[in-house]
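Have a look at the structure below before the remarks.
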Amino acid sequence: MKAVVYTEYGTPDVLHTAEIEKPAVKENEILVRVRATSVNFGDLMARNFKAVTPSRFNMIGMLWLAARVMMGWNRPRAQVLGSEFSGVVAEVGAQVTKFKPGDAVFGYVGSTFGAYAEFLCLPENGAVALKPDHLSFEEAAAIPYGAIMAYNLLKLVEIQPGDQVLINGASGAIGSAAVQLAKLRGAVVTGVCSTGRMEAVRALGADHVVDYTREDFTQRGQRYDLILDILRKGSPAKFRGALTPKGVLLYASFKQRELLEMLRTRRSSGQRVICKLVPENQETLNAVRDLIAAGKLKVGLDRRFTLEQAAEAHRYAESGQKKGAVVLTLPQAAPSGAA
């Protein structure tokens with residue numbers, strides 16, 4: 001089968017197409033013919049993980065070391081990127097009961113990657129679900145990771161109608177889903193992003209949008225009941241003055257400083273810091289799917305590239321120009337058979 005592979009870390013130029021062996025289906029697995037896959041933050045980081053130092057890594061050092069060993073110290077172990085996907089089930093294992101050949105599905109395989117290929121194998125109990133009928137394959141491939149993460153992060157806090165919620169990093173995969181999910185709970189949402197992405201964040205339903213290149217939201221005089229910081233862009237000390245007396249600072253990425261502050265404030269009746277690794281599972285994806293099917297959660301696409309244009313897609317995703325999701329598309333199966 002055709003796949004985009006990389007055998008060394010580096011710039012987008014390390015990506016190239018090659019023929020590799022098609023995966024064999026185990027008894028509890030499904031084989032998906034991939035129709036689309038995203039170019040997300042994890043793919044960009046993994047492609048050049050050798051250059052990601054502990055200080056550049058957005059999580060605690062222990063997780064950096066584990067990731068470096070798992071990814072490969074000097075060269076990548078898993079040579080096919082791609083963690084989000086959509087496609088059609090081509091084959092199922094003998095013990096599979098939830099899916100059948102011909103089902104249109106979407107999902108997230110996380111750090112195992114492998115979606116930059118014509119076929120992908122994953123357990124039927126993994127983060128995979130039936131694709132909402134009204135979504136294109138491209139749209140479906142761009143939503144699982146961000147929506148799963150945002151959904152589980154916001155479950156950690158109570159949001160009441162009328163609460164002031166700020167999403168710091170509102171235009172990314174997690175942030176864009178968080179904006180919509182907070183709005184569904186009745187919050188007044190402020191999104192923080194760069195100049196070129198402001199309209200996209202407004203289109204997601206944000207009540208207010210702050211351009212971080214021109215304004216520091218902590219200096220606006222507004223206080224928030226919840227601040228969700230996606231990529232650890234500020235310290236608890238920096239954000240404290242922008243929280244209400246009982247406000248919560250929720251980190252999607254965190255290091256030792258944030259963990260210590262969480263421990264210090266965990267029994268506080270005032271301001272609190274929360275940071276926690278949240279699961280990526282089928283239960284959450286099914287909940288997300290229901291919201292999508294009801295028209296309550298959407299994804300904004302920016303550009304589509306073919307599988308052969310993966311290097312170009314990575315360059316564009318890193319350029320700072322993208323205003324939404326970037327996806328790779330694969331051709332539809334020939335009528336003679338999906339496999």
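So which residues in segment 130-142 are among the hydrophobic types (A, V, I, L, M, F, W, C) and closer than 15 Å to residue 36 by Cβ?
Across segment 130-142, the qualifying residues are 135, 137, 140, 141, 142.
One line per residue, one yes/no per condition, for (1) among the polar types (S, T, N, Q); (2) in the same structural domain as residue 212 (by TED's automatic domain parsing):
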site: 98; (1), (2): no, no
site: 120; (1), (2): no, no
site: 123; (1), (2): no, no
site: 157; (1), (2): no, yes
site: 171; (1), (2): yes, yes
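Mind listing whichever residues of segment 262-319 are modelled with pLDDT under 95, of a type in the set (Asp, Glu) and either part of a helix (DSSP H, G or I) or crowded, with 20+ Cβ neighbours inside 10 Å (or both)?
280
Here are some conditions: (1) under 17 Å from residue 297 (Cβ atoms); (2) surrounded by fewer than 24 Cβ atoms within 10 Å (Cβ to Cβ); (3) not aliphatic (A, V, I, L, M). Residue 171 meets all but one. Which one does it not meet?
Status for residue 171: all satisfied but (2).
Scan segment 132-147 residue by residue and report those that are part of a helix (DSSP H, G or I) and touching a Leu at 6+ places or on another chain (Cβ under 7 Å).
Within segment 132-147, 138, 139, 144, 147 meet the criteria.
When you scan segment 231-246, how many residues do you find that are farther than 18 Å from residue 260 by Cα and either in a loop (DSSP other than H, G, I, E, B) or over 27 Å from the mean Cα position of the chain (by Cα) (or both)?
Residues meeting the conditions: 4.
In segment 247-261, which residue that is free of Cβ contacts under 8 Å to residues at least 40 places away in the same chain and in a helix (DSSP H, G or I) is surrounded by the fewest Cβ atoms within 10 Å (Cβ to Cβ)?
Out of the qualifying residues, it is 260.
Does any residue of segment 301-318 turn out to be touching a Leu at 6+ places or on another chain (Cβ under 9 Å), polar (S, T, N, Q) and in the same structural domain as residue 83 (by TED's automatic domain parsing)?
yes
Among the residues of segment 204-230, write down those that are within 18 Å of residue 150 (Cα to Cα) and within 22 Å of the chain's Cα centre (by Cα).
Selection gives 204, 205, 206, 226, 227, 228, 229, 230.
Here's the yes/no breakdown for (1) touching a Cys at 6+ places or on another chain (Cβ under 9 Å); (2) touching a residue at least 40 places away in the same chain (Cβ under 8 Å); (3) on the phi < 0 side of the Ramachandran plot:
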{"site": "45", "(1), (2), (3)": "no, no, yes"}
{"site": "59", "(1), (2), (3)": "no, yes, yes"}
{"site": "63", "(1), (2), (3)": "no, no, yes"}
{"site": "75", "(1), (2), (3)": "no, yes, yes"}
{"site": "98", "(1), (2), (3)": "no, no, yes"}
{"site": "102", "(1), (2), (3)": "no, yes, no"}
{"site": "109", "(1), (2), (3)": "no, no, yes"}
{"site": "120", "(1), (2), (3)": "no, yes, yes"}
{"site": "126", "(1), (2), (3)": "no, yes, yes"}
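Among all residue pairs at least 6 apart or on different chains, which show Cβ distances below 6 Å where the first residue, located in segment 190-217, is outside the structural domain of residue 317 (by TED's automatic domain parsing) and free of Cβ contacts under 8 Å to residues at least 24 places away in the same chain and the second is part of a loop (DSSP other than H, G, I, E, B) and of a type in the set (Lys, Arg)?
Final answer for the pair search is none.
Just checking, which of 82, 87, 42, 114 is closer than 22 Å to residue 288 by Cβ and either basic (Lys, Arg) or assigned to a strand (DSSP E or B) (or both)?
Answer to the selection: 87.
Give the residue, chosen from 77, 47, that is more than 20 Å from residue 284 (Cβ to Cβ) and either buried (at least 20 other Cβ atoms within 10 Å of the Cβ) or among the polar types (S, T, N, Q) (or both).
None of the others qualify; the one that does is 47.
One residue is enough: does segment 213-235 have a residue meeting the conditions within 27 Å of residue 110 (Cα to Cα), in contact with a strand residue (DSSP E or B) (Cβ under 9 Å, 6 or more places away or on another chain) and among the small types (Gly, Ala, Ser)?
yes
The values are calculated or read from the model by the stated rules, or taken from the named source; none is laboratory data. Here the structure is a predicted model, which means the values were calculated and not measured. Counting neighbours? That spans all protein chains shown, and the Cβs are built from the backbone with ideal geometry, glycine included.
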